[in-house]
Every structure is written in structure tokens, then in C-alpha cells.
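A short write-up of the structure that comes next.
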Amino acid sequence: MTITPLEFLINAPEEVNPALSMCRKLQRLEVAGELDSATMKKMIKVIELAIAQGTDDVKAVEQTKERLFNSRSVAIAVPMGF
């Protein structure tokens, strides 16, 4: 059985894009005065992973959006009065 785009969205976990989370973390470190080149160098792999995961998330959302736009509408209920 194929899952519909709407069912996929309803069942998808709610989460913040990892790249956005990393951005906020870096901003907090900067405000606290704890962000310098040495810290950035230590965090580079984690930052790159967050960027890659964030990019994957954006692609998944775009694919789902396309599926929704290209899917045909199916009436499952008729509102009262019609």
C-alpha cells in the first residue's frame, strides 16, 4: 500500500532543521564570548554534518511539496449543504 503525501506529512516527526539548530548554537556561543577560531576548528565536523542533514531535510520537504502539488484531489466527505 502506498502512503499518500498527506499521510506522510501527518506521520512525519516534528523537528527543527539541524543546520538551523547549529546556527542557533553558534550564535549562543558567540554572544557568550565562547566562539573563536579554535572552537570553530574543533566543531567543523559537527557543523558540516548539520549542514548536510539540513540540506537533506530541505530536499525531503521539497520532494513532498512536489508530490502534494502533483497529486490529484480526492473528496472523502461532502460538507453539509452541498
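Stokes-Einstein diffusion coefficient for the chain at 10 °C in a medium of 1.306 mPa s, Rh from the Kirkwood formula over Cα pairs: what value in µm²/s?
Working: Rh = 16.0 Å.
The calculation lands on 99 µm²/s.
Averaged per residue, what accessible area in Å² does the chain show with a 1.4 Å probe, protein chains only? Numbers along the way, then the final one.
Numbers: 7270 Å² over 82 residues.
In whole numbers, the chain has 89 Å² accessible per residue.
Out of the total accessible area of the chain (probe 1.4 Å, heavy atoms of protein only), what percent is carbon and sulfur? Intermediate values should be presented prior to the final figure.
Details: 4460 of 7270 Å².
Roughly 61 percent of what the probe reaches on the chain is carbon or sulfur.
Through the Karplus equation 6.51 cos²θ - 1.76 cosθ + 1.60, θ set to phi - 60°, convert the phi angles of the range 51-58 into ³J(HN,Hα) values in whole Hz; use x for Gly and Pro.
5, 5, 5, x, 5, 4, 4, 4
The values are calculated or read from the model by the stated rules, or taken from the named source; none is laboratory data. This is a predicted model, so every value here is computed, not measured. Remember, those area values only see protein heavy atoms, side chains included, never the ligands or the DNA or RNA. Shrake-Rupley method; radii C 1.70, N 1.55, O 1.52, S 1.80 Å.
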